[in-house]
Amino acid sequence: MGKNPWGNGARPTSCFQENFSWSPEHVLGLGLRWSVLLSSANLLLQQVIQLVFARVPAMPSPEISSSKKGMIKLSTYLRQYKVGDIVDIKANGAVQKGMPHKVYHGKTGVVYNVTKSAVGVIIYKKVKHRYIEKRVNLRVEHVSLSRSREEFVRRVKTNAELKKKSKAEGTHVHLKRQPLMPRESRTISMKDNVPETVVPIAYETTI
C-alpha cells in the first residue's frame with residue numbers, strides 16, 4: 001500500500017474542517033491530478049475536432065460530394081480514352097466507386113492505362129520542394145478530356161498554312177506571337193460634338 005497523502009488519519013471531507021491545513025504535499029498532489037485531467041481533456045477535444053472536420057476521400061467537400069439531378073449522360077461512357085491523352089480530374093458525387101482523393105480534384109494528368117470502365121492517370125503532386133509522380137486509377141465518370149492543348153494545336157495548324165503560303169509566294173511571314181499593342185491614333189471631330197464638362201452630382205439629403 002502506498003503512503004496516504006492525507007496523513008495517517010482519514011481523508012477530510014472539507015478543507016474547512018477543524019484542525020485541517022493545506023500542506024505542500026496536498027497541494028502538489030492536487031496539482032498533478034488537475035494537470036493530468038486537463039491534458040486528457042485537451043487530447044480528447046483535439047480528437048473530437050479531428051473527427052468532426054476530417055474529410056474522407058469519398059466526401060472532400062459539399063460541392064464535390066453533391067450529385068447533380070438526373071442520370072449521367074451516355075456520352076460519358078461512349079467517350080474514348082487512349083494512352084497519352086491529357087485528362088482533367090473532376091469528381092462526380094453520384095458515383096462513389098473509383099472516386100479520386102480530394103487532393104487530385106481539379107488536377108490535370110496523362111493517361112497511362114485504359115481498362116473497361118476506368119483509366120490510369122499520372123499526376124505530379126507537389127510535396128514541399130519537389131514533385132512526386134502519382135498513379136491513380138479513376139472511373140470514367142470522374143475524368144474528362146482536357147482542352148488545354150486546343151489553342152496550341154490550332155496555332156500549329158495555322159502556322160503550317162501560313163508557312164506553306166509564304167513559301168509559295170516567296171515572302172517572309174512572322175509566326176511568333178506578339179503582345180497586344182496600343183490602339184492606333186485617331187481624330188475626333190468637333191462638329192455637332194460640343195465638349196461637356198462633367199462634374200460630380202451635388203450631395204442631396206433626402207429624408
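Each value in this text was obtained by applying a stated rule to the coordinates, not by laboratory testing. Model, not experiment: these values are computed from the prediction. Note that each Cβ is placed from the backbone with ideal geometry, even for glycine, and that neighbours are counted across all protein chains shown.
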Any idea how many residues of the range 89-123 are farther than 20 Å from LEU78 by Cβ and of a type in the set (A, V, I, L, M)? 6
Can you name the residue in the range 70-99 that is hydrophobic (A, V, I, L, M, F, W, C) and surrounded by fewer than 11 Cβ atoms within 10 Å (Cβ to Cβ) and, of all such residues, is nearest to ILE122 (Cα to Cα)? LEU78
Wholly inside the range 96-148, strands (runs of 3 or more DSSP E) that include 2 or more residues that are farther than 15 Å from TYR81 by Cβ and touching a strand residue (DSSP E or B) at 6+ places or on another chain (Cβ under 7 Å) are 118-127, 130-139
Would you pick out the residues in the range 167-207 that are under 30 Å from ARG155 (Cα atoms) and of a type in the set (Gly, Ala, Ser)? ALA168, GLY170, SER185
All positions within the range 95-149 that are under 30 Å from GLY70 (Cα atoms) and of a type in the set (D, E, K, R): LYS97, LYS102, LYS107, LYS116, ARG139, GLU141, ARG147
Scan of the range 66-89 for residues that are free of Cβ contacts under 8 Å to residues at least 12 places away in the same chain and part of a loop (DSSP other than H, G, I, E, B), ordered by number: LYS69, GLY70, MET71, LYS73, LEU74, GLN80
Can you pull out every residue in the range 122-144 that is in contact (Cβ under 8 Å) with a residue 60 or more places away in the chain and acidic (Asp, Glu)? GLU141
Among (1) in contact (Cβ under 8 Å) with a residue 12 or more places away in the chain; (2) hydrophobic (A, V, I, L, M, F, W, C); (3) assigned to a helix (DSSP H, G or I), there is one condition VAL156 misses while meeting the rest; what is its number? (1)
Right, MET181: more than 18 Å from the chain's Cα centre (by Cα) and either of a type in the set (Ser, Thr, Tyr) or assigned to a loop (DSSP other than H, G, I, E, B) (or both) or not? yes
Close pairs (6 angstrom Cβ cut-off, 6 or more residues apart or separate chains): among the charged types (D, E, K, R) in the range 100-121, outside any strand (DSSP E or B) anywhere: LYS102/PRO60
May I ask you to verify whether GLU169 is surrounded by fewer than 10 Cβ atoms within 10 Å (Cβ to Cβ) and under 23 Å from the mean Cα position of the chain (by Cα)? no
